[in-house]
Amino acid sequence: RYSGIDFLRFYGFGNETEITAPPEFYQITQRQVTAAASLTVFPPNSRISAGPFFALAETELGRGRLVDSLRPYGVEGFVEAGADARVEIDTRDRASAPRRGVHLVATGRLVPKGLDVTQPYGSVSGEATTYLSVGDPARVTLALRAGGKQVWGRYPFHAAAYVGGARTLRGYNEQRFAGDAVAYGNGEVRLFLTKVSVLLPGELGVLGLGDVGRAYLAGERSGRWHGSVGGGVWLALIERGSAVTLTVARSPERWAFYGGLGFMF
């Protein structure tokens with residue numbers, strides 16, 4: 001797998017880093033190549049997988065950005081190999097736009113010393129999501145999610161725990177806060193308004209959202225939680241699993257607009 005968009009920004013480490021320069025100063029140009037294999041088993045309503053991985057990360061330097069001045073561990077080009085594991089438990093009534101059920105995901109990674117890894121490190125992460133609905137078909141759905149990540153050992157900067165952006169903390173830039181650990185929570189209320197006909201029969205609805213999150217870093221004393229609120233509209237043709245969503249989130253740092261197929265979680 002090759003990617004140049006997994007890691008886009010670096011604001012330094014800590015839960016209270018400030019933005020004092022133009023956006024370009026915090027941008028990252030990093031290319032990642034990953035190869036992995038896994039053995040997967042499928043118990044009822046769950047999936048368990050584990051296997052080795054190999055990864056290469058190259059970060060572009062010399063543009064006078066923050067990463068040039070900080071030169072964090074792993075920035076010079078980083079090759080590593082280790083093992084990943086993942087456990088998933090899923091009782092949702094459907095994978096896309098669920099109305100009821102629980103979804104639990106836990107992952108772990110161990111990377112031994114070797115290649116460019118000077119000291120072993122590892123990480124664990126998890127997310128727990130639940131859905132509660134009123135009516136059948138659902139007229140109101142409450143979706144709640146809590147997640148976090150913990151990293152220990154001497155880890156490369158791109159393997160730190162990050163929070164911020166469309167996947168964890170809307171209203172903030174991607175990878176906005178970094179540390180040894182992060183925690184975040186997301187909530188959405190999805191309300192069905194009316195049936196519509198746009199070439200195909202469908203449903204129109206609105207949603208309200210609220211997110212909160214923070215980073216933890218050894219040696220830093222911070223009690224701050226970062227939050228955002230917002231809302232949006234959704235349009236589903238034929239069935240709700242195909243919903244197109246348009247949302248806006250407001251944080252103390254910015255207005256952020258999102259659009260895509262499906263809900264955030």
(message) So, in the range 198-252, how many residues would count as being outside any loop (DSSP other than H, G, I, E, B), among the acidic types (Asp, Glu) and over 19 Å from PHE265 (Cβ atoms)?
(response) 1
(request) Considering only the range 143-175, state which residues are closer than 19 Å to SER123 by Cα, outside any strand (DSSP E or B) and of a type in the set (D, E, K, R). (result) ARG154, ARG167
(request) Considering each residue of the range 96-115, count those that are over 19 Å from VAL134 (Cα atoms), surrounded by 15 or more Cβ atoms within 10 Å (Cβ to Cβ), over 19 Å from the mean Cα position of the chain (by Cα) and charged (D, E, K, R), and give that number. (result) 0
(message) Looking for something touching a Gly at 6+ places or on another chain (Cβ under 9 Å) and more than 30 Å from GLU24 (Cβ to Cβ) - is there at least one such residue anywhere in the range 61-80?
(response) no
(message) If the requirement is being touching a Lys or Arg at 6+ places or on another chain (Cβ under 7 Å), small (Gly, Ala, Ser) and buried (at least 21 other Cβ atoms within 10 Å of the Cβ), which of these qualifies: GLY164, GLY179?
(response) GLY164
(request) Only residues that are closer than 28 Å to GLY227 by Cβ and more than 22 Å from the chain's Cα centre (by Cα): list them for the range 25-41, please. (result) PHE25
(request) Report yes if some residue within the range 56-74 is in contact with a strand residue (DSSP E or B) (Cβ under 6 Å, 6 or more places away or on another chain) and outside any strand (DSSP E or B); otherwise report no. (result) no
(message) What are the pairs with Cβ atoms under 6 angstrom where one residue, in the range 46-65, is more than 30 Å from ALA128 (Cα to Cα) and of a type in the set (D, E, K, R) and the other, located anywhere, is outside any loop (DSSP other than H, G, I, E, B) and modelled with pLDDT under 95? Sequence gap at least six, or different chains.
(response) GLU58/ARG31
(request) Can you confirm whether the range 255-264 contains a residue that is in contact (Cβ under 8 Å) with a residue 60 or more places away in the chain, over 20 Å from THR129 (Cβ atoms) and touching a strand residue (DSSP E or B) at 6+ places or on another chain (Cβ under 9 Å)? (result) yes
(message) If I filter the range 193-222 down to residues being without any contact (Cβ under 8 Å) to a residue 40 or more places away in the chain and within 19 Å of GLN150 (Cβ to Cβ), which single residue comes out as surrounded by the most Cβ atoms within 10 Å (Cβ to Cβ)?
(response) ALA218
(request) Of all residues in the range 117-138, count the ones that are in a loop (DSSP other than H, G, I, E, B) and either touching a Ser or Thr at 6+ places or on another chain (Cβ under 8 Å) or surrounded by 15 or more Cβ atoms within 10 Å (Cβ to Cβ) (or both). (result) 2
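Return yes when VAL79 is over 21 Å from the mean Cα position of the chain (by Cα), within 30 Å of GLY62 (Cα to Cα) and either crowded, with 16+ Cβ neighbours inside 10 Å or of a type in the set (Ser, Thr, Tyr) (or both) and no when it is not.
Taking the combined requirement at face value, the residue does not satisfy it.
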(message) Can you pull out every residue in the range 1-44 that is exposed (fewer than 12 other Cβ atoms within 10 Å of the Cβ) and more than 30 Å from GLU88 (Cβ to Cβ)?
(response) GLU18, THR20, ALA21, PRO22, PRO23, GLU24
(request) Pull up the range 82-95, narrow it to residues that are assigned to a loop (DSSP other than H, G, I, E, B) and either in contact with a strand residue (DSSP E or B) (Cβ under 6 Å, 6 or more places away or on another chain) or among the small types (Gly, Ala, Ser) (or both), then point me to the one that is surrounded by the fewest Cβ atoms within 10 Å (Cβ to Cβ). (result) ALA95
(message) Against the definition (at pLDDT 95 or above, on the phi < 0 side of the Ramachandran plot, part of a loop (DSSP other than H, G, I, E, B) and not small (Gly, Ala, Ser)), how does THR34 come out, yes or no?
(response) no
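The values are calculated or read from the model by the stated rules, or taken from the named source; none is laboratory data. None of these values were measured; they are calculated from a predicted model. Methodologically, a virtual Cβ is constructed for each residue, glycine included, from the backbone with ideal geometry; neighbour enumeration extends over all protein chains shown.
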